[in-house]
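Since the structure comes first, as structure tokens, the remarks are kept for the end.
The values are calculated or read from the model by the stated rules, or taken from the named source; none is laboratory data. On a predicted model such as this, the values are computed, not experimentally measured, just so you know. As a convention, Cβ positions derive from the backbone with ideal geometry for all residues, glycine included, and neighbour counts pool all protein chains shown. The area values use the complete protein model at the heavy-atom level, side chains included, leaving out ligands, DNA and RNA. Shrake-Rupley method; radii C 1.70, N 1.55, O 1.52, S 1.80 Å.
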Amino acid sequence: MSRIGKLPVNLPAGVTAELLEGNVVKVKGPHGEMQQKVDADIKVTIEDNQIKFERPTDQPRHRSMHGLYRALVNNMVVGVSEMFEIKQELVGVGYRVAVNGQLLTFSLGYSHEIQMLLPNEIKAEVPDVKKGENPKLVLKSCDKQLVGQVAAKVRSFRKPEPYKGKGIKFVGEQLRRKAGKTAAAK
């Protein structure tokens with residue numbers, strides 16, 4: 001039995017779930033509404049504020065689907081109740097980000113500014129920067145996969161370099177640093 005798949009998904013207060021035709025699980029909560037199509041072989045039951053998943057056999061395909069769909073639905077439930085949040089930090093002199101609705105404008109040391117239009121499901125904010133701190137960008141969404149994908153795209157604009165650590169990094173991320181050049185002894 002899959003350790004993940006056999007665990008029921010508990011629905012917190014304010015979150016409702018329903019099973020639509022075609023084995024689609026729909027979850028509604030205070031932060032939004034999401035749905036996920038589950039493989040036809042996996043049996044989904046919703047009762048007593050719990051969503052349970054059962055697989056028909058122990059074939060490798062069924063075993064992998066069992067845990068996968070349970071995890072996807074659990075992420076939906078957590079997302080619509082609490083929202084997922086990713087914090088990024090811009091390390092470098094003059095590196096800035098500005099939020100104007102769904103448009104992000106980055107100044108990252110290039111000869112031009114980089115603009116990025118966010119999907120409607122994502123909310124972005126830039127907390128106030130104290131003197132001596134690096135600017136931060138906070139991305140929030142109820143869709144874990146989408147917010148992670150957007151954060152990876154933002155990071156790709158200027159990945160942290162290994163010598164001084166300049167670039168866009170996740171808050172709390174450990175970077176591998178390299179030693180710089182040393183003058184040769186004569």
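Just want to confirm a number: the relative contact order over the range 100-186, from Cα pairs under 8 angstrom separated by 6+ residues, in percent.
On the way: 88 pairs, mean separation 13.6, N = 87.
Answer for the range 100-186 is 16 percent.
Working from Cα positions, state the angle (0 to 90°, nearest 10) between the long axis of helix 144-156 and the longest principal axis of the chain.
Taking the Cα atoms of the chain, the angle to 144-156 is about 20 degrees.
Mind pulling the angle between the C-alpha long axis of helix 60-82 and the longest principal axis of the chain? Nearest 10 degrees, somewhere in 0 to 90.
Rounded to the nearest ten degrees, it is 70.
Per DSSP H run of n ≥ 4, the term is -39500 (n - 2.57); total these for the chain, divide by its residue number, and report the mean residue ellipticity at 222 nm rounded to 500 deg cm²/dmol. Provide the component values of the computation, followed by the final result.
Details: 2 runs with 36 residues, N = 186.
Value at 222 nm, helices only, nearest 500: -6500 deg cm²/dmol.
Relative contact order for the chain: what is it in percent, counting Cα pairs under 8 Å that are at least 6 residues apart?
Relative contact order, the chain: 17 percent.
Can you run phi through the Karplus equation (6.51, -1.76, 1.60; θ = phi - 60°) for the range 16-21 and list ³J(HN,Hα) in whole Hz, with x for Gly and Pro?
10, 9, 9, 9, 8, 5
Pairs of Cα atoms under 8 Å, at least six residues apart: use those to get the relative contact order of the range 59-159, whole percent. Mind dumping the intermediate values first?
Working: 140 pairs, mean separation 30.0, N = 101.
Computed value for the range 59-159: 30 percent relative contact order.
Over the chain, what number does the Rg to Rh ratio reach, with both radii from the alpha-carbon atoms and Rh per Kirkwood?
Computed over Cα atoms, the ratio is 1.12.
Select from the range 75-149 those trypsin sites (Lys or Arg not before Pro) which occupy a DSSP coil region and have at most 11 other Cβ atoms within 10 Å, ordered by residue number. Intermediate values should be presented prior to the final figure.
Details: sites: Lys87, Arg96, Lys123, Lys130, Lys131, Lys136, Lys140, Lys144; in loops: Lys130, Lys131.
Hits after loop and neighbour filter: Lys130, Lys131.
Using just the C-alpha positions of the range 85-162 as equal point scatterers, what log10 of I(q)/I(0) does the Debye formula give at each q in 0.13, 0.15, 0.24 1/Å?
Summing over Cα pairs of the range 85-162 leads to -0.37, -0.49, -1.26.
Could you give the accessible area per residue of the range 39-177, probe 1.4 Å, as a whole number in Å²?
Value returned for the range 39-177: 59 Å² of accessible area per residue.
Say a site is exposed when it is one of the GluC sites (Glu not before Pro), sits in a DSSP loop, and has at most 13 other Cβ atoms within 10 Å; what is then the longest site-free stretch of the chain? Please list the in-between numbers first.
Numbers: sites that count: Glu21, Glu113, Glu133, Glu173.
The segment 22-112 is the longest one with no such site.
Obtain the radius of gyration and the Kirkwood radius of the range 31-92 from its C-alpha atoms and give Rg over Rh.
For the range 31-92, the value is 1.14.
So which trypsin sites (Lys or Arg not before Pro) in the range 1-80 end up in coil per DSSP with only 12 or fewer other C-beta atoms within 10 Å?
Arg3
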